[in-house]
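Before any comments, here is the structure.
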């Protein structure tokens, strides 16, 4: 390798290290906090002087957290499944069909995606109270779907556009019904896109705080990010910092597992179409 | 195998654009018919309508005597080869070729047998378990053909199946397709923009332009008796040369000199009530080096002298080019389209180039003046406004 090439490599490595440190430092910090004893919380040392599982024990002891975890998993999974199923169908239509009002539909979904959620929270709060879905799973699933569907339609229609239309024509000429053509030819080819979209939507639902805090009032539907805000210390004067840190670490784990499991699919998904196969 | 009949087939899009207009064509059982024309002429749309991939706005389509206008591709029992081959990337060659049979619920043993038979014909046996991504262009093309032949359909439709191959492979595959078609005796409709492919493959050729059929006939007929300027310019390589001409008594005055009209031509022009301003079409082989023409024949043509720009020797023949300045290629829409299609307008060459095909023993040299002779009996004369060939003999076109 030439000297210039090596210099460039070093440069890139340096930039990468800075980015990684910048991104991971807060994560390490919160992990460190979660393992600290309440008495040493504020001692300022980055590595805990005394390691303890106390905080983790604590959060799983109360139903407050476990219930929120169930809510989070349930709501995020259901929203993801519905958004991906509807998104797949809508994206297929957007990518393949010419129908009146198509550009209007795309425009509308873009509009929804661009709407600041905060401006919708108060009306949604009122609407949901009136129709009686406030503080229920469905009360969160609906807004999650609303905001993740445009995302799903956009990513998926990009994938469908990448699949040559000729394949579908070939399947039809080969004697496939439209449903068979979709199931046997198009869907297998779109699988990486569907995976990518599912993970993106899941992360969006899993991480949401705004809707979760505004549209719930009890542990009936409160998800973990919202529940964290309601953590209290063991006494009125004790800070719940350790418990919050532990809970934050716990809810990060599923995302990490997800990404590690589907890493290759996601990368394939995000880069497919960049080069001709 | 079956007959395909198109009666007044028209395709009109919702925005009013007409892609195909009133096509009448009958493809006989086992016949190889080529649809040819520049891009956007409606040939692929016509093919898609036969396949059932596009709706027919007007007209009737019969396959094997049955009206199939409203039938889905599935129920028409036709096979199609796509320009992109459209192989299913997630399936092996075997699964690609057997896909249609699998959908038709044919039992596994029969599928296996038929796929292997087709693979043997197409020399694909050792590739059966590979994925399309691991095949070369020629192999993919053969898989696409194989997918069509395993089904033993009523007809084959081919949409520019060779245009993604390199030139050498294209020529090889062309002969292979021809051989395959003869062996299977299959009714075939083949779309191409390449007139050489059309001429070499087809039993009959359909020339289309702007959604309208210009002429239907055997390759030889299209070459010798083009109905109009477009067909004349499109068929043949190198293309027919066109010159402006003015009718004067028994001669046509052109920039290369006055061309004598034979009796047959003169009668024909009179019958058509030809205008004074005309366009003359001369194929490259109508020219010859004047020094090489027999004394006896020289009188039946016109001799003229020009400055030769370029000489290309092909061994068997010599192409000599000269430039003529009076020409305006955009004078008619047909010629403008031909010029755009052949890329002449893009090369930016000044003047109008005339190609002549001379005997290999010619002494014509680049940059020197040469005496050329033109066989006026082989001259075509066109009406510059309508584009009609005014020299066609009377017998009805087939």
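Contact order, relative form, for the stretch A:130-229: 43 percent (alpha carbon pairs under 8 Å, 6 or more residues apart, mean separation divided by residue count).
How fast does the stretch A:158-226 diffuse by Stokes-Einstein, in µm²/s, taking the Kirkwood radius from C-alpha pairs at 10 °C and 1.306 mPa s?
107
With q set to 0.16, 0.25 Å⁻¹, the log10 of I(q)/I(0) for the stretch B:56-95, from the Debye formula over equal scatterers at the Cα positions, is -0.60, -0.91. For peptide B:65-76, the mean count of partner chain Cβ atoms within 10 Å of a residue's Cβ comes to 2. Distance between the modelled labels on residue B:285 and residue B:152, one decimal in nanometres: 4.2 nm (7 Å Cα→Cβ projection).
Taking the stretch A:136-165 and a reference point 7 angstrom along Cα→Cβ of residue B:15, no backbone N atom is nearer than 16 Å.
Helix A:241-271 and the longest principal axis of the Cα set of chain A meet at an angle near 20°. Helix B:333-342 versus the longest principal axis of chain B: what is the Cα-based angle in degrees, 0 to 90, to the nearest 10? Relative to chain B, helix B:333-342 is tipped by roughly 70 degrees. Which of rounded, prolate or oblate describes chain A when judged by the alpha-carbon gyration tensor and an a/c cut-off of 1.5? Note, shape of chain A comes out oblate. Residues of the stretch B:298-325 with the amide nitrogen closer than 16 Å to a label point 7 Å from the Cα of residue B:371, along Cα-to-Cβ, please. Only B:298-308 pass the distance filter.
The packing ranking of peptides B:215-221, B:30-36, A:5-11, highest mean first, is B:30-36, B:215-221, A:5-11, where packing means the average number of other beta carbon atoms within 10 angstrom of each residue. For the Cα trace of the protein assembly as shown, dividing Rg by the Kirkwood Rh returns an Rg/Rh value of 1.16. Quick one: if the Förster radius is 45 Å, what FRET efficiency do residue A:17 and residue A:104 give, using the C-beta to C-beta distance and rounding to 0.05? E(calc), rounded to 0.05, equals 0.45.
Considering only the Cα atoms of the stretch A:1-127, their convex hull presents on average a projected area of 16.8 nm².
Any idea what angle helix A:117-131 forms with the longest principal axis of chain A, computed on alpha-carbon atoms, 0 to 90 degrees, nearest 10? That works out to roughly 90 degrees.
Pairs of alpha carbons in the stretch B:89-156 separated by more than 20 Å make up 18% of all such pairs.
In vacuo Debye scattering of the stretch B:107-221, one point per C-alpha: log10 I(q)/I(0) at q = 0.09, 0.12 Å⁻¹? One equal scatterer on each Cα of the stretch B:107-221 leads to -0.28, -0.49. Taking the DSSP bridge list for the stretch B:4-224 and keeping only pairs wholly inside it, about 50 percent are antiparallel.
Classification of the stretch B:4-224 by its C-alpha gyration tensor yields a prolate form. The axis ratio a/c (a ≥ b ≥ c) is 1.5 or more, and a/b outweighs b/c. Scoring B:107-115, B:81-89 by mean Cβ neighbours within 10 Å over their residues and listing the highest first yields B:81-89, B:107-115. Neighbouring Cβ atoms from other chains, within 10 Å of the Cβ of residues in A:156-169, number 3 on average. Each label was represented as a point 7 Å from its Cα along the Cα-to-Cβ direction; for residue A:96 and residue B:262 these points are 5.9 nm apart. Note on the protein assembly as shown: antiparallel DSSP beta bridges, both residues inside, total approximately 75 percent of the bridges counted. Peptide B:77-90 has a mean shielding of 5, counted as Cβ atoms of other protein chains within 10 Å of each residue's Cβ. Ordering of A:184-193, B:145-154 by packing is B:145-154, A:184-193, highest average first (other Cβ atoms within 10 Å, averaged per residue).
Once the C-beta distance of residue A:10 and residue B:39 is scaled by a Förster radius of 60 Å, the resulting FRET efficiency is 0.70 to the nearest 0.05. Need one number: % antiparallel among DSSP beta bridges in chain B, to the nearest 5. Restricted to chain B, the bridges split so that about 80 percent are antiparallel.
For the pair residue A:259 and residue A:158, how long in nm is the line joining their label points, each one 7 Å along Cα→Cβ? It is 1.8 nm. I need the shape label for the stretch B:193-245. Rule: rounded when a/c is under 1.5, else prolate if a/b > b/c, else oblate, with a, b, c from the alpha carbon gyration tensor. Cα axes put the stretch B:193-245 in the prolate bin. log₁₀ I(q)/I(0) of the stretch B:229-382 at q = 0.19, 0.21 Å⁻¹, via Debye over equal Cα point scatterers, no solvent, to two decimals? Computed log10 I(q)/I(0) values: -1.28, -1.50. According to the Kirkwood relation over distinct C-alpha pairs, the hydrodynamic radius of the stretch A:100-236 is 17.7 Å.
One Cα centroid belongs to the stretch B:164-234, the other to the stretch A:175-242; the line between them spans 59 Å.
Over the Cα atoms of chain B, the radius of gyration divided by the Kirkwood radius equals 1.04; this is the Rg/Rh ratio. Across all Cα pairs in the stretch A:52-107, the calculated P(r) in 10 Å bins from zero up to the longest distance comes to 20, 26, 19, 15, 13, 7, 0 percent per bin.
Throughout, read-outs are computed from the coordinates displayed, never taken from laboratory work. Source: prediction; values computed, not measured. Note that each Cβ is placed from the backbone with ideal geometry, even for glycine, and that neighbours are counted across all protein chains shown.
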